[in-house]
Amino acid sequence: MASGLTNVSLNTGRVMPIIGFGTFQIVGKGLIYRVIDAALASGYRSFDTAAVYGNEEDIGQALKELLPKYGLTRDDIFLTSKLAPNDHGKNSAERAARKSLSHLGVTYLDMYLVHWPGVAGIPMESSHNLKLRTETWNALSELYEKGILRGIGVSNYTVKHLEELFAHCKIKPAVNQVEFHPHFQQKELLKFCTTHGIHLQAYSSLGGSYNHSLVDDPVVTSIARKLGKGSAQVLLRWAVQQGVGVIPKSVTPNRIAENIKLNFSLSEEDMTALGSIKKVEKYAWNPARVA
Ligand SMILES: NC(=O)c1ccc[n+]([C@@H]2O[C@H](COP(=O)([O-])OP(=O)(O)OC[C@H]3O[C@@H](n4cnc5c(N)ncnc54)[C@H](OP(=O)(O)O)[C@@H]3O)[C@@H](O)[C@H]2O)c1
């Protein structure tokens, strides 16, 4: 296995690689094949997709064709997908999960996340959001108990959304995948998830695709220069060193390889400097107003 690739123990009793590969905005059969090939060659064994990314079928096909090249089988891979915001509710949720399974060409998913606490087409403030996402969770819990979903979790849930979920759920979420990086540190949410045995997984660790202010942040670049690492490696290591999973996205082979090489340590002083960055900026969608 590639250097730095360790597993986290989930509350399901199963393990998940702490470093996975993000696939948002990677579309097109040829590109997906090349990128998955580069990711497998670099040592990634965990892949993050979602119904809304529109790439499940091509990822499933690429994995099917490429796994034998690396002497791997389906069981060596940790596959995560997500329920789209327009698939919430009793009737839609099971159908959505089964559609993702079929698109990916697999009989089980390692992790299936509720992508967003809100329901598409319903105002964020509406109490219907809570009603429908509760139905969603109950439907996914049944699929978890059947073993079709080997882990279920949430994404973009705030402490409020999690507390409401705890009030009725039979199965606790194993993962909460949220935006988390030095410009959006989510200290309270991390503490809450840790206390409740939920693994926090970071997305947009590098700030996403549309801006460079995180990789160009002077605190990040100066630590990277000092250590002879890339800014991306510093940002990813910052999360991993706190026990937070990462799923960097790249279509660039040398970056794909670089992003998984995280077997170095940031000193306490460097962690403090990164944790004390004053700039607060959220680069992706904000669930704070979803009722
Ligand atoms: N649950 C959610 O709501 C949610 C939301 C957003 C993302 N996600 C998941 O999280 C994954 C990661 O987040 P993200 O896609 O927003 O973006 P990200 O991983 O923070 O950043 C991706 C951007 O960083 C660039 N990059 C990658 N490696 C680099 C390196 N070593 N040095 C410099 N730049 C580098 C990429 O460029 P190139 O590709 O051109 O190399 C791309 O522009 C997604 O792909 C998706 O799976 C989930």
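Details
- Pick from segment 234-259, criterion in contact with a Phe, Trp or Tyr (Cβ under 7 Å, 6 or more places away or on another chain) and either near the ligand (Cβ under 10 Å from one of its atoms) or of a type in the set (Asp, Glu) (or both), ranking: farthest from ARG34 (Cα to Cα): ILE247
- Residue that is nearest to VAL154 (Cα to Cα), among those in segment 80-134 that are in contact (Cβ under 8 Å) with a residue 12 or more places away in the chain and of a type in the set (Val, Ile, Thr): VAL114
- Candidate set from segment 23-42 (those that are in contact (Cβ under 8 Å) with a residue 12 or more places away in the chain and among the small types (Gly, Ala, Ser)); member that is nearest to THR80 (Cα to Cα): ALA39
- Among the candidates THR194, THR221, the residue that is hydroxyl-bearing (Ser, Thr, Tyr), within 12 Å of the ligand (Cβ to nearest atom) and either in a helix (DSSP H, G or I) or out of contact with any strand residue (DSSP E or B) (no Cβ under 8 Å at 6 or more places or on another chain) (or both) is uniquely THR221.
Residue-by-condition table, conditions (1) without any contact (Cβ under 8 Å) to a residue 40 or more places away in the chain; (2) away from the ligand (no atom under 16 Å from the Cβ); (3) touching a helix residue (DSSP H, G or I) at 6+ places or on another chain (Cβ under 8 Å):
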| site | (1), (2), (3) |
| --- | --- |
| ALA139 | no, yes, yes |
| SER155 | no, no, no |
| VAL159 | yes, yes, yes |
| LEU200 | no, no, yes |
| SER213 | no, no, no |
| ASP216 | yes, no, yes |
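- Residue ID - surrounded by the fewest Cβ atoms within 10 Å (Cβ to Cβ), chosen from residues in segment 262-291 that are near the ligand (Cβ under 10 Å from one of its atoms) and not hydroxyl-bearing (Ser, Thr, Tyr): TRP285
- Any hit, segment 81-89, residues being away from the ligand (no atom under 16 Å from the Cβ) and over 24 Å from THR252 (Cβ atoms): yes
Yes/no matrix, rows are residues, columns are (1) within 19 Å of HIS115 (Cα to Cα); (2) at pLDDT below 95; (3) touching a His at 6+ places or on another chain (Cβ under 6 Å); (4) of a type outside the set (A, V, I, L, M, F, W, C):
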residue	(1), (2), (3), (4)
PHE192	no, no, no, no
LEU206	no, no, no, no
ASN211	no, yes, no, yes
GLN233	no, no, no, yes
LEU262	no, no, no, no
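- For HIS168: the one exception among (1) surrounded by fewer than 20 Cβ atoms within 10 Å (Cβ to Cβ); (2) modelled with pLDDT of 95 or more: (2)
- Filtered residue count, segment 46-66, keeping only those that are in contact with a helix residue (DSSP H, G or I) (Cβ under 6 Å, 6 or more places away or on another chain) and more than 13 Å from the ligand (Cβ to nearest atom): 5
The values are calculated or read from the model by the stated rules, or taken from the named source; none is laboratory data. Computed from a prediction, not measured in an experiment: that's the story for all the values here. Don't worry about glycine lacking a Cβ; one is built from the backbone with ideal geometry, like all the others, and counts go over all protein chains shown.
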